[in-house]
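Everything below concerns the one structure shown next.
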Amino acid sequence: MNREQENFRKQQPQTFGKRFNTRLIHGGKPFVSEAREVITPIYTTSTFRQKSFSDHSGYGYARGQNPTREAAETLVADLENAAYGFGFSSGMAAIDAALHVFSSGDTVLVLGNVYGGTDGLFRAVYENFGIHGREIIVEDTGISGDYQKKVLEAVKAAVTTEVKGIYFETPSNPTLAVLDMEEIVDTAKKYGLVTIVDNTFSSPYIQKPLDFGIDIVVESATKYLGGHSDLIAGFAVTNREDLAQKISSAQHLAGGILPPFDSYLLVRSIKTLSVRLDRQVENAVKLVRFLEENDAVDLVHYPGLPADPGYAIQRKQARNGGAMFSFLLNQRYDVGTFLDSLQIFTDGASLGGVESLIGHSASTSQRGVPEEQRQKLGILDNLIRVSPGIEDGEDLVADFQQAFARARKE
Ligand SMILES: Cc1ncc(COP(=O)(O)O)c(C=O)c1O
């Protein structure tokens, strides 16, 4: 057995089968030493003693395997209903490793809005290696219900022999556009394309893309999985052994592994994922209801709203509308004054933390996306993205209320 096979062999068997909240606490494959600890310890070792000259079984060099990282990897795989899970030092490193399933000359169709960093990765890095991210940009005003149909038509029209994959987010960042995963998988299968979904906005508590036939799920664990705005991490999970082999090689050969301390923090944070998200979704619904009625707001993007064009698809494939939403501030209000006047919300470029975060996507996460493309995708200068935390919802509504009053121009 060579080193690569040895690393791959360390990937986990499926341990799922119990209900979700039980899996949050007991899922994955915690490592238990002879001391029989309840929690997998933080293994800060760069290498492991070989059992003997000829026995290379078990742990070797810690870039390849680390028990604390494996506890996190098996747990996230378990939650996503995946057979294989890989932990990375950031969400971007996870996305990068997943894109290693493609080869030079391949084209990947990138559907609609994706995180600005992903867009940048295709443009600034993969293009140089001959892997082309071809954007499928369908005008998305957030008010018409035919977005899914138009995207599917555009995908079919774009397929050539070079096209080998489809990459997308649902709901997307930052306009919360929803795509039907089953329909996209059906189309992908017809053309033999690998499908990759970024599940950052939902986490496996809200939706599990592999259940709909998606091949690889990537996610920034910096967000809901970490949940406390104190770490940067990412995962890639799959049920396909052929793809897992490639991601495994990218992980330990390119080396962007999830460190042991962050692995430990993640396992700890994941225990409260559903408890946190239940409150965050509740707060999102409270805020969205308030914004819908408010004349400071032109449009709210939230797939948990029956009026939202993504509502029916979201209901089919997710537990609820999730905790993220965005809205267009009316022109009579000043975006900067609104953001600067908030007292509870933090204006910061992240999401999914226990503290409420808010941001202006056009000048932060999506600033690298060309202006013309941003306009088409609805990432307008008055678009504000919101990630409610677990504070009292009434206080969050009151914070918006006072900031609107200050931001009114006339
Ligand atoms: C949807 C989405 N995917 C991926 C990433 C990248 O994750 P990270 O910052 O952990 O590298 C982000 C970060 O904001 C994101 O919002």
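So if the hydrodynamic radius of the range 144-223 is defined as the Kirkwood radius over C-alpha pairs, what does Stokes-Einstein give as its diffusion coefficient at 20 °C and 1.002 mPa s, in µm² per second?
164
Projected over all directions and averaged, the alpha-carbon convex hull of the range 78-174 occupies 7.5 nm². Hydrodynamic analysis of the range 3-270 uses the Kirkwood radius over alpha carbon pairs. Inserted into Stokes-Einstein at 37 °C and 0.692 mPa s, it gives a translational diffusion coefficient of 173 µm²/s.
Sort the range 273-407 into rounded, prolate or oblate with this rule: let a ≥ b ≥ c be the square roots of the eigenvalues of the Cα gyration tensor; rounded if a/c is under 1.5, and if a/c is not under 1.5, prolate when a/b is larger than b/c, oblate otherwise.
Since a/c stays below 1.5, the shape of the range 273-407 is classed as rounded.
Highest mean first, the peptides 79-92, 389-402 sorted by other C-beta atoms within 10 Å per residue fall in the order 79-92, 389-402. With semi-axes defined as the square roots of five times the eigenvalues of the C-alpha gyration tensor, the equivalent ellipsoid of the range 351-410 measures 25, 17, 7 Å, largest first. The mean sequence separation of alpha-carbon pairs under 8 Å and at least six residues apart, normalised by the residue count of the chain, gives a relative contact order of 18 percent. Solvent exposure of the range 45-106 amounts to 36 Å² per residue of accessible area, where only protein heavy atoms count and the probe is 1.4 Å.
Efficiency by 1/(1 + (r/R0)^6): what FRET value for A157 and Q50, r their Cβ-Cβ distance, R0 = 41 Å, to the nearest 0.05? Could you put the intermediate results ahead of the total?
Values: r = 56 Å, r/R0 = 1.36.
Efficiency computed from Cβ-Cβ geometry: 0.15.
For the range 173-183, 3J(HN,Hα) computed residue by residue from phi via the Karplus equation (6.51, -1.76, 1.60; θ = phi - 60°) reads 9, x, 9, 6, 6, 10, 10, 7, 5, 4, 5 Hz, glycine and proline entered as x. Counting only protein heavy atoms and a probe of 1.4 Å, the accessible surface of the range 15-55 is 55% carbon and sulfur.
Taking a ≥ b ≥ c as the square roots of the Cα gyration tensor eigenvalues, with a/c under 1.5 meaning rounded and otherwise prolate when a/b beats b/c, else oblate, which class fits the range 122-177?
In terms of gyration-tensor shape, oblate.
What whole-number distance in Å separates the alpha-carbon centres of the range 221-258 and the range 289-337? Result: 30 Å between the Cα centres. Solvent-accessible surface of the range 273-407, taken per residue with a 1.4 Å probe and all protein chains present: 41 Å². A full extension of the chain between D230 and I42 corresponds to an added length of 66.0 nm, given 0.36 nm per residue minus the alpha carbon distance.
The values are calculated or read from the model by the stated rules, or taken from the named source; none is laboratory data. Bear in mind that the values here come from a model prediction, so they are computed numbers and not experimental data. Neighbour counts run over all protein chains shown; Cβ positions are idealised from the backbone, glycine included. Heads up: the accessible areas ignore ligands, DNA and RNA and are worked out on the full protein's heavy atoms, side chains in. Shrake-Rupley method; radii C 1.70, N 1.55, O 1.52, S 1.80 Å.
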